[in-house]
1. Assuming GLY166 fulfils every condition listed in (1) small (Gly, Ala, Ser); (2) open to solvent by less than 10 Å² (accessible area, probe 1.4 Å); (3) under 25 Å from SER138 (Cα atoms) apart from one, which condition is it?
2. Restricting to the range 1-18, name every residue that is assigned to a helix (DSSP H, G or I) and over 18 Å from SER31 (Cα atoms).
3. Checking LEU184 against (1) at pLDDT 95 or above; (2) among the hydrophobic types (A, V, I, L, M, F, W, C); (3) in contact with an Asp or Glu (Cβ under 8 Å, 6 or more places away or on another chain), which test does it fail?
4. Just for the range 31-45: of the residues that are part of a helix (DSSP H, G or I) and among the hydrophobic types (A, V, I, L, M, F, W, C), which one is least open to solvent (accessible area, probe 1.4 Å)?
5. How many of the residues in the range 199-243 are within 28 Å of LYS38 (Cα to Cα), of a type in the set (A, V, I, L, M, F, W, C) and either loosely packed, with under 14 Cβ neighbours inside 10 Å or at pLDDT 90 or above (or both)?
6. Do any residues in the range 10-23 that are of a type in the set (Gly, Ala, Ser) have Cβ atoms under 7 Å from those of residues that are open to solvent by 60 Å² or more (accessible area, probe 1.4 Å) and in a loop (DSSP other than H, G, I, E, B), where the two are at least six apart or on different chains, and which pairs are they?
7. Name the pairs whose Cβ atoms lie under 6 Å apart, with the first residue in the range 139-153 and among the hydrophobic types (A, V, I, L, M, F, W, C), the second open to solvent by less than 40 Å² (accessible area, probe 1.4 Å), and 6 or more positions between them or separate chains?
8. Considering only the range 1-30, state which residues are aliphatic (A, V, I, L, M) and open to solvent by 40 Å² or more (accessible area, probe 1.4 Å).
Amino acid sequence: MQNILFMTDLDGTLLNNNKEVSRTSADILNSLIERGLKFSVSTARTPATLYEILKELKLNYPLCCMNGAAFFDMKEEKYIKYYTIEEGLVYRLIEICHRAKISPFIHCIKDNNRSRVSPFINGARDNRLYVCYENTESEAAENFRREREGLRLKTYIHAPYSPKFGQAIYLTLLGEEAKTREVLAEIENEGLSAALGLNFYEDIYNKGFYYLEICDKMASKKTGLKFLKEFSKAEQVYALGTT
């Protein structure tokens with residue numbers, strides 16, 4: 001088998017309409033992986049939701065999660081690399097969200113050091129995401145939280161962001177288009193976009209609602225593909241549904 005890493009997105013690509021990997025897809029992929037296929041996933045989702053979705057797959061390489069903000073080894077259940085957002089910048093983003101009357105979900109990881117890019121393998125003090133949030137202003141946002149609360153590897157904390165929960169790596173906003181666009185515009189108006197990775201798109205499961213996902217500028221699906229290409233020692237990468 002050629003030395004190629006195959007990467008796929010999940011929602012709208014590998015997953016069916018029930019947000020699942022079909023039995024047929026799982027059987028085909030597992031057969032190919034056993035024969036030497038290098039395969040991984042690039043997604044906006046967190047490892048906590050990926051664990052249930054991908055548990056039937058015999059994945060042999062880390063996953064690119066949260067649009068490249070973190071890389072997670074499913075076998076070892078460890079973050080092997082992630083990018084953090086500078087603390088002062090997190091507070092500025094929270095202020096912008098408050099003015100738009102929308103509350104972000106702030107994903108944090110505790111780390112043994114304060115560097116912006118975690119060290120490999122042994123850097124994380126634990127492997128659980130701590131997600132702080134203040135309010136859920138819409139049914140879509142509340143469903144987003146409810147569907148994920150109680151999952152392994154993730155804890156939701158109904159409280160304002162604090163560094164005691166760890167270093168922020170990812171902010172997720174889910175709201176009506178006008179509100180999320182307002183936050184995006186204010187980020188650009190205040191000159192913060194150069195330091196950030198911004199992903200804005202419609203929620204395919206809730207028409208009229210949009211996601212705005214915010215991470216460090218170093219994090220992206222493009223850099224994620226590059227990292228996993230080097231990690232897997234692949235000569236080429238074929239990507240499906242990832243931009």
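The values are calculated or read from the model by the stated rules, or taken from the named source; none is laboratory data. Worth saying up front: this structure is predicted, and the values here are computed from it rather than measured. Here the Cβ positions follow ideal geometry from the backbone for every residue, glycine too, while neighbour counts run over all protein chains shown. Surface accessibility is based on the protein's heavy atoms, side chains included, excluding ligands, DNA and RNA. Shrake-Rupley method; radii C 1.70, N 1.55, O 1.52, S 1.80 Å.
1. Of the numbered conditions (1) small (Gly, Ala, Ser); (2) open to solvent by less than 10 Å² (accessible area, probe 1.4 Å); (3) under 25 Å from SER138 (Cα atoms), the odd one out for GLY166 is (3).
2. Of all residues in the range 1-18, those assigned to a helix (DSSP H, G or I) come to 10-14.
LEU10, ASP11, GLY12, THR13, listed by residue number.
3. LEU184 satisfies every listed condition except (3).
4. ILE33
5. Within the range 199-243, residues that are within 28 Å of LYS38 (Cα to Cα), of a type in the set (A, V, I, L, M, F, W, C) and either loosely packed, with under 14 Cβ neighbours inside 10 Å or at pLDDT 90 or above (or both) number 10.
6. Partner pairs satisfying both residue conditions: GLY12/ILE204.
7. Sorted first by the residue in the range 139-153, then by its partner, the pairs are ALA140/LEU174; ALA141/LEU174; PHE144/LEU174; LEU151/ALA48; LEU153/PRO47; LEU153/ALA48.
8. MET1, ILE28
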